[in-house]
Amino acid sequence: MKRISGAVFSSSGETIPLIDIGPSFSDDASAKEAVAADIGKACREIGFFQITNHGISSQARQGVMEQARRFFHDLPQAKKDALHIKYSKLMRGYEPSGVSNVNPDDWKGQDGEGKETKEAYNWGYEPGLDATGGDGNYVELDLEPYPKGANVWPSDEDLPGLFDAIRQYHSEVLTLARHLAGLFALSLDLPESHFDKMMTHPGTIARLLYYPPQKPKKATAQDEEIGLGAHTDYECFTLLFSSETPGLEVLSPNPDENGRPKWISAPAHQDCFTVNIADFFERWTNGLYKSTVRVRLGRRQYTVHRVVNRSPDKERYSVPFFFSINYDEMVSTLPTCISEDNPSRFNDIQAGPYTLERLRATLKDAADEYHKK
Ligand SMILES: O=C(O)CCC(=O)C(=O)O
Ligand SMILES: [Fe+2]
């Protein structure tokens, strides 16, 4: 066992490490290297960690949480329905429960009904959400240039202040994500600036998520209600902020004493962000950094994280931010992750088309018809 920044870290990955990234903002190269080393270790072992002293203002955090509550509670259903993702070919806007399942197994036996209870509101990068203003070359997931972004926002009359709160949150978190990308580079024996040229107009999808409290369980019910099924994320890494109702669960690399999957509940601290590695980065690092711990049991394969709001009376809200590089960027396996003994296991991939394909796979057939047109 090793203690990292106050958190108990077990080498078998039984807890989610907590890393104080404050020292990484100093000019002291060795302090930066030390934080990068802690991050690298967490990424190789479990692919999840939490960060404190991240620099995101409490105004940005509280502001976006307040807007999440207002979006799901105060906006009339008809106004939400007018923003339905079915009107957006990039799945921007309002996603009622039942429209998508991140785990395709969850469609089965549901008579076409989705199993997940979450509701979402999705948006993506636009230059106005980036503190740098972008480089003028943004292209979307489908590689089309949308100078103003493909987003669909509620009107300022319906939800005054929502756009401003989201703009502040998105731009602060994007600045942090670029900083973290530098630490990831250091942790992989690359210069800190290695990713800079690839994140001048980076794909960044974010969403407000709402998980209702658990309904009383029927005697006949087999399963608990799932907020968001077992899945991995698709991009480079995710930065998650949530309300204080816990719900995020991460699959342990070790099964429980009966050989069943063991889920670790992620603490929901108001001053922490949870960071996890996603599939694009796992491929890019030749599998060195884990987006997924897979446990095979019978015919089912369990993947790395899910959300179950177990509270009978408290709602959970969260705001994940999925960080990608520029969507038009094509990447080959990072040079420091390959050697003669460990050649690249993955083909070159382009960030936008890869992510779009993964997103579309979460939609049920009816919605697919629309989006695949
Ligand atoms: O809401 C959460 O806690 C996690 C959300 C998540 O895993 C996702 O949106 O991919
Ligand atoms: Fe996720």
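The values are calculated or read from the model by the stated rules, or taken from the named source; none is laboratory data. Nothing here was measured: the structure is a model prediction, and the numbers come from that model. Note that each Cβ is placed from the backbone with ideal geometry, even for glycine, and that neighbours are counted across all protein chains shown.
So if I check each of VAL319, VAL304, which one is modelled with pLDDT of 95 or more and under 18 Å from the mean Cα position of the chain (by Cα)? I'd like the intermediate steps shown before the answer.
Working: VAL304 fails: modelled with pLDDT of 95 or more.
Within the list VAL319, VAL304, the selection yields VAL319.
Out of (1) at pLDDT 95 or above; (2) within 16 Å of ligand 2 (Cβ to nearest atom); (3) among the charged types (D, E, K, R), the odd one out for ASP233 is which?
Going through the list (1) at pLDDT 95 or above; (2) within 16 Å of ligand 2 (Cβ to nearest atom); (3) among the charged types (D, E, K, R), ASP233 breaks only (1).
Would you confirm, using the coordinates I've provided, whether GLU157 is acidic (Asp, Glu), crowded, with 18+ Cβ neighbours inside 10 Å and out of contact with any Cys (no Cβ under 8 Å at 6 or more places or on another chain)?
The answer is no for GLU157.
Of all the strands (runs of 3 or more DSSP E) wholly in the range 187-277, which have at least 1 residues that are within 30 Å of ALA131 (Cα to Cα)?
Those strands (runs of 3 or more DSSP E) span 202-211, 237-242, 248-251, 273-277.
List pairs: first residue in the range 203-228 and closer than 23 Å to TYR317 by Cβ and modelled with pLDDT under 90, second residue among the polar types (S, T, N, Q) and away from ligand 1 (no atom under 13 Å from the Cβ) anywhere in the structure, Cβ distance under 7 angstrom, at least six positions apart or on different chains.
Correct list of pairs: GLN214/SER311; GLU224/GLN214; GLU225/GLN214.
Among the residues that make up the range 16-32, is at least one of them in contact with a Lys or Arg (Cβ under 9 Å, 6 or more places away or on another chain), buried (at least 20 other Cβ atoms within 10 Å of the Cβ) and closer than 26 Å to LEU288 by Cβ?
Pass one, the range 16-32, residues in contact with a Lys or Arg (Cβ under 9 Å, 6 or more places away or on another chain): 17, 23-26.
Subset that is buried (at least 20 other Cβ atoms within 10 Å of the Cβ): 17, 24.
Those left that are additionally closer than 26 Å to LEU288 by Cβ: 17, 24.
Within the range 16-32 (the criterion being in contact with a Lys or Arg (Cβ under 9 Å, 6 or more places away or on another chain), buried (at least 20 other Cβ atoms within 10 Å of the Cβ) and closer than 26 Å to LEU288 by Cβ), the answer is yes, since at least one residue qualifies.
Only one of these conditions is not met by LEU239: (1) at pLDDT 95 or above; (2) more than 16 Å from ligand 2 (Cβ to nearest atom). Which number is it?
The single condition LEU239 does not satisfy is (2).
Pull up the range 237-281, narrow it to residues that are acidic (Asp, Glu) and touching a residue at least 60 places away in the same chain (Cβ under 8 Å), then point me to the one that is farthest from ligand 1 (Cβ to nearest atom).
For the range 237-281, the residue satisfying everything is ASP271.
I want to confirm something. Restricting to the range 33-57 and keeping residues that are assigned to a helix (DSSP H, G or I) and without any contact (Cβ under 8 Å) to a residue 60 or more places away in the chain, which single residue is surrounded by the fewest Cβ atoms within 10 Å (Cβ to Cβ)?
Step one: list which residues in the range 33-57 are assigned to a helix (DSSP H, G or I), which gives 33-45.
Those still in the list that are without any contact (Cβ under 8 Å) to a residue 60 or more places away in the chain too: 34, 38, 41-42.
On the way: ALA34: 15, ASP38: 24, LYS41: 18, ALA42: 27.
Checking each candidate, the answer is ALA34.
Restricting to the range 59-75, name every residue that is within 25 Å of THR175 (Cα to Cα) and without any contact (Cβ under 8 Å) to a residue 40 or more places away in the chain.
GLN62 - this is the single residue of the range 59-75 that is within 25 Å of THR175 (Cα to Cα) and without any contact (Cβ under 8 Å) to a residue 40 or more places away in the chain.
Given the conditions (1) touching a Pro at 6+ places or on another chain (Cβ under 8 Å); (2) surrounded by 23 or more Cβ atoms within 10 Å (Cβ to Cβ); (3) farther than 22 Å from PHE281 by Cα; (4) not small (Gly, Ala, Ser), report the number of the one that HIS84 does not fulfil.
Only one criterion is unmet by HIS84, namely (2).
If I filter the range 113-127 for residues that are within 28 Å of ASP271 (Cα to Cα), within 20 Å of the chain's Cα centre (by Cα), assigned to a helix (DSSP H, G or I) and free of Cβ contacts under 8 Å to residues at least 40 places away in the same chain, do I get at least one hit? Give the steps one after another, and end with the answer.
To start, the set of residues in the range 113-127 that are within 28 Å of ASP271 (Cα to Cα) comprises 116-127.
If we keep only those that are within 20 Å of the chain's Cα centre (by Cα) too, we end up with 116-126.
Those still in the list that are assigned to a helix (DSSP H, G or I) too: none.
No, that holds for no residue.
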